[in-house]
Amino acid sequence: MSKVRLLVGTRKGAFVLTSDGKREKWDVSGPHFAGWEIYHVKGSPVDPNRLYASQSSGWFGQVIQRSNDGGKTWEPVGNKFAYDGVPGTHQWYDGTPHPWEFKRVWHLEPSLKNVDEVYAGVEDAALFRSADGGQNWEELSGLRGHGSGPHWQPGAGGMCLHTVILDPSDPQRIFIAISAAGAFRTDDGGKTWRPINKGLRSGTIPDQDAEVGHCVHHIAMHPSRPGTLFMQKHWDVMRSDNAGDSWQEVSGNLPTDFGFAIDVHAHEPETIFVVPIKSDSEHYPPDGQLRVYRSKSGGNEWEALTKGLPQKDCYVNVLRDAMSVDALDSCGVYFGTTGGQVYGSTDAGDSWTPIVRDLPAVLSVEVQTLA
Amino acid sequence: MIRVELPAHLRTLAGVKGEVTLEVAGQVTLKSVLDALEAKYPTLRGTIREHGTLKRRAFLRFFACEEDLSHQWPDALLPETVANGKEPLLIVGAVAGG
């Protein structure tokens with residue numbers, strides 16, 4: 001019988017939610033690392049019992065935790081994230097140079113091939129890799145060393161590298177995204193990088209065709225079509241069918257052009273999910289109605305999914321890493337809110353049920369589908 | 001024997017309860033005590049002092065014998081009562097809730 005395990009990172013700890021394949025009854029384990037911010041927890045595709053968690057605190061800095069038993073027990077591993085060489089400066093909010101300073105790990109992406117290999121996207125933006133299960137971390141400095149680095153600026157949440165996507169068809173290809181520099185791709189395993197932001201349009205930035213400076217919120221890919229990417233940006237939902245070489249807007253009839261989360265159906269590469277949010281500073285659903293929007297045509301035509309979700313007086317946010325899908329035959333979709341709810345759907349979004357209602361603000365949700 | 005009192009979160013991280021006791025060879029300074037602490041509990045590396053620079057993390061402070069030692073030179077001697085174990089070195093979170 002299949003099982004599903006949700007790995008939930010919150011402002012005040014991590015939670016592990018498990019259910020059988022029916023996904024009706026859930027066991028809740030946690031809080032793990034109580035009181036710490038858990039930006040992200042993710043399992044290895046090679047060994048689902050190997051989990052990595054980013055644990056951080058304004059007081060005590062960064063800790064990386066590792067589990068070898070699916071989250072029952074944890075051990076702290078390496079937390080030294082040293083930029084390669086002299087880090088130099090990026091732009092501050094007012095355009096003045098600001099030194100690169102490590103703050104936290106936003107996203108952990110375990111390798112598709114090696115249980116001990118894992119990538120970390122960090123703030124201030126850089127990509128690190130560990131080849132020994134998180135004990136030691138080395139920067140892939142070709143990214144930050146790309147000539148545009150001194151021109152990168154932070155988004156409102158900081159200058160974070162928040163998205164790391166490994167191409168299942170090409171181990172040398174990695175996609176990453178940074179707020180608010182944009183998206184980048186390497187085709188040589190991280191040695192060199194190129195910005196992939198052609199076609200993005202970003203509000204009031206002076207040069208809409210700028211190589212960098214676009215506020216990408218999140219990117220999703222279906223593993224069967226690694227050349228097709230879907231992006232939720234500060235402005236618009238976009239898609240690319242050439243691995244990011246160019247992008248087209250597919251916002252269509254969405255009620256807002258803003259949001260954070262985006263994901264792809266496990267079995268239908270043209271079915272995508274977003275949660276429209278009101279920009280710029282409000283950051284809650286329009287009209288107090290929490291609605292997931294689904295497109296079965298890869299964008300442009302969207303339908304609101306509301307069954308089981310609050311349709312009045314709802315003013316929560318759904319953050320960029322807080323949506324995920326399982327791989328069961330009837331695709332499960334899950335998302336967490338800043339109000340502490342985790343909602344699940346066992347029918348690809350047609351209907352929703354709260355799995356838990358009162359966690360701390362949810363920062364991330366990842367799903368593991370277990371045999 | 002040197003006594004060190006850690007904030008609750010760091011006690012959890014280090015897997016200890018109550019005070020930590022350390023043996024420090026040579027002069028008893030903030031640096032030598034923190035070096036000994038991190039050697040005994042490697043998971044605390046980077047959580048009290050920054051990696052590399054060994055600067056005190058901004059939201060932590062050091063106290064002993066009712067004195068604020070946060071801004072003391074790392075190689076300055078700690079009070080004799082800390083060095084002989086009569087008083088603990090307190091590592092304290094600088095910002096409470098509220």
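Just a few scattered comments:
- Neighbour-count ranking [beta-carbon atoms within 10 angstrom, fewest first] of A:Y343, A:Y52, A:Y284: A:Y284, A:Y343, A:Y52
- Footprinting exposure proxy for A:V216, B:V20, B:V95 (fewest neighbouring C-beta atoms within 10 Å first): B:V95, B:V20, A:V216
- Annotation for A:H151 and A:A371: the two label points, set 7 Å from Cα along the Cα-Cβ direction, are 4.9 nm apart.
- Two-decimal Rg/Rh across the stretch A:61-110, once Rg and the Kirkwood Rh are taken from alpha-carbon atoms: 1.14
- Cα gyration tensor, the stretch B:2-93 - rounded (a/c under 1.5), prolate or oblate: rounded
- Charging the Cβ of each Asp and Glu at -1 and of each Lys and Arg at +1, and nothing else, the dipole of chain B about its Cα centre rounds to 400 debye.
- Taking 0.36 nm per residue of sequence separation and removing the Cα-Cα distance, the A:V115/A:S330 pair yields an extension gain of 74.6 nm.
- A:K191-A:E270 pseudo-label distance in nm [points 7 Å out on the Cα-to-Cβ vector]: 3.9 nm
- Dipole of chain A [Lys/Arg +1, Asp/Glu -1 at C-beta], most positive-end residue of A:V356, A:L166, A:S224: A:V356
- Against the empirical 2.2 N^0.38 Å (N residues), the protein assembly as shown has a Cα radius of gyration ratio of 1.01.
- What the phi angles of the stretch B:82-88 give under the Karplus curve with 6.51, -1.76 and 1.60, with θ = phi - 60°, is a coupling list of 6, 4, 9, x, 6, 10, x Hz, glycine and proline written as x.
- Length released on extending from A:T96 to A:N136, taking residue separation times 0.36 nm less the Cα-Cα span: 11.1 nm
- Theoretical FRET efficiency, 1/(1+(r/R0)^6), r = Cβ-Cβ of A:D20 and B:V95, R0 41 Å, to 0.05: 0.40
- Value of [θ]222 nm, deg cm²/dmol, for chain B, DSSP H segments ≥ 4, -39500 (n - 2.57) each, nearest 500: -6000 deg cm²/dmol
- Computing FRET efficiency as 1/(1 + (r/R0)^6) for B:Q72 and A:E75, where r is the C-beta to C-beta distance and R0 is 30 Å, gives about 0.35.
- Subtracting the Cα-Cα distance of A:S246 and A:D313 from 0.36 nm times their residue separation leaves 20.2 nm of extension gain.
- Rh (Kirkwood; distinct C-alpha pairs) - the stretch A:66-200, Å: 15.3 Å
- Shown is the FRET efficiency for B:K55 and B:K86, computed with R0 = 35 Å from the Cβ-Cβ distance and rounded to the nearest 0.05: 0.75.
- Charge dipole (debye, nearest 20) of the protein assembly as shown; +1 at Cβ of Lys and Arg, -1 at Cβ of Asp and Glu: 680 debye
- Given +1 at the Cβ of Lys and Arg, -1 at the Cβ of Asp and Glu and no other charges, the dipole of the stretch A:210-256 around its Cα centre is 160 debye to the nearest 20.
Any read-out appearing in this document is the output of simple, stated calculations on the displayed coordinates, not a laboratory observation. Because the structure is predicted, anything quoted here is derived from the model rather than measured. Glycine also receives a Cβ, built like all others from the backbone with ideal geometry; neighbour counts cover every protein chain displayed.
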